[in-house]
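The values are calculated or read from the model by the stated rules, or taken from the named source; none is laboratory data. Quick caveat: nothing in here was measured; it's all calculated off a predicted structure. Cβ: placed from backbone, ideal geometry, glycine included. Neighbour counts: every protein chain shown. The protein model used for the area step is the full one, side chains on, heavy atoms only, and it has no ligands, DNA or RNA in it. Shrake-Rupley method; radii C 1.70, N 1.55, O 1.52, S 1.80 Å.
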Amino acid sequence: MTNEEALKNLERVIGAYQEQVDRECVTRWNVWIRGLPTTEVHEVVGALLTRQATLAIQFAQTPSAWNGHMAPLVLRAMVDVHITLAWIFKDPVDRSHKFIAYGLGQEKLTLEHLKVVVKERRDDPDKDSSIRDLEGWINSQRFTFLTEVNVGSWSGITTRKMAEEAGCLELYSRSYLPYSAATHSMWNHVAKYNLRQCENPLHRYHRIPSNPAMSFELDYIHGAANYLNKTFKLFDECTKTSIGVEPAVDMLVKGLKAIQEGIEADKILD
């Protein structure tokens, strides 16, 4: 199998994987929500579950991001979603309410900052369409004058504490912390990826800026698929949901293995 053929097969595998992710997510939601009234819990859980699927799908269609520069940004977000959802499931009603209230408070804060910017332009905030739209979105859920702004953590505790209480401490230590180095551009990331050693001995082999091009690594897309599958399993366990749909991560692994063995992806995916 030539490199061109392998890339075409990879494209087919990724396309099938994306469709399966969406199928898994929608099927779970339809089974869980059937016959139940809409509540804050269903909205929050549904939003976070879909967010995880969205991150997986969007990341899958961008192979140029499957490298040490960009992949940690997405993977860290996926780990964050999983920990948040796991913690919310421990007390769904109260924590879903807190999650929504904090988000609305942040939007209210954004709204007030936007009004200041408009006034500084000597325009009328009441006539600004962006302000009206944002205020309308907040008011559709809770009137702005009743919305409190909390400048701290929405949960009231650290992410590490959330992970500990939700039984995700190992995930936090092995994934959240390392990926956070890339997310916040900390020394232990930029020194590895954006510096290289000078070859001039007169310069004492100091490090100099570097912006290396990197080829994609399949480990990253596999990692994203595993995080998504982990979140799907969490959802199934906490909602007592069962679906008869093949896990997208299994489809992805079969497809990637077929490419490595020189087998046409279509023969595996059919």
Per residue, how large is the accessible surface of the chain? Use a 1.4 angstrom probe and give square angstrom. 58
In region 203-258, the trypsin sites (Lys or Arg not before Pro) that sit in a DSSP loop and have at most 13 other Cβ atoms within 10 Å of their own Cβ are ARG204, LYS240
Could you give me the percent of Cα pairs per 10 Å distance bin for region 47-157, shortest bin first, beginning at zero and ending with the bin that holds the maximum distance? 12, 30, 29, 24, 5
Kindly give the semi-axes, whole Å and largest first, of the ellipsoid equivalent to region 33-94, taking each as the square root of 5 times a Cα gyration tensor eigenvalue. 28, 14, 6
Would you mind telling me the share, in percent, of accessible area of the chain contributed by carbon and sulfur at probe 1.4 angstrom? 51
Exposed loop chymotrypsin sites (Phe, Trp or Tyr not before Pro) only (DSSP loop, at most 14 other Cβ atoms within 10 Å): please give the longest stretch of the chain free of them, not including the sites. 1-142
Which residue fluctuates the most in the chain, going by a Gaussian network model with Cα springs under 10 Å, if the choices are GLY167, GLY152, GLY15? GLY152
Alpha-carbon gyration tensor eigenvalues x 5, square-rooted, for the chain, Å: 36, 30, 20
Sticking to Cα atoms, compute the Rg of region 202-258 to one decimal and its Dmax as the biggest Cα-Cα distance, whole number, in Å. 19.8, 66
Square roots of five times the C-alpha gyration tensor eigenvalues of region 1-113, ordered largest first and given in whole Å, equal 33, 20, 11
Residue by residue, what Karplus-based ³J(HN,Hα) values in Hz, rounded to whole numbers, does region 190-197 have, using 6.51, -1.76 and 1.60 with θ = phi - 60° and x for Gly and Pro? 5, 5, 7, 9, 10, 9, 9, 7
May I ask for the distance between the Cα centers of region 123-197 and region 204-240, given as a whole number of Å? 19
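What GluC sites (Glu not before Pro) in region 104-170 are in a loop by DSSP, with at most 14 other Cβ atoms within 10 Å of the Cβ? Intermediate values should be presented prior to the final figure.
On the way: sites: GLU107, GLU112, GLU120, GLU135, GLU148, GLU164, GLU165, GLU170; in loops: GLU148.
Listed in order of number, the matching sites are GLU148.
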If you filter region 92-122 for trypsin sites (Lys or Arg not before Pro), then keep DSSP loop positions with at most 15 other Cβ within 10 Å, what is left? ARG121, ARG122
For LEU195, distant residues with modelled amide H under 5 Å away: SER210
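Considering Cα pairs under 8 angstrom that are at least six residues apart, work out the relative contact order of the chain and quote it in whole percent.
Contact order relative to length: 34 percent.
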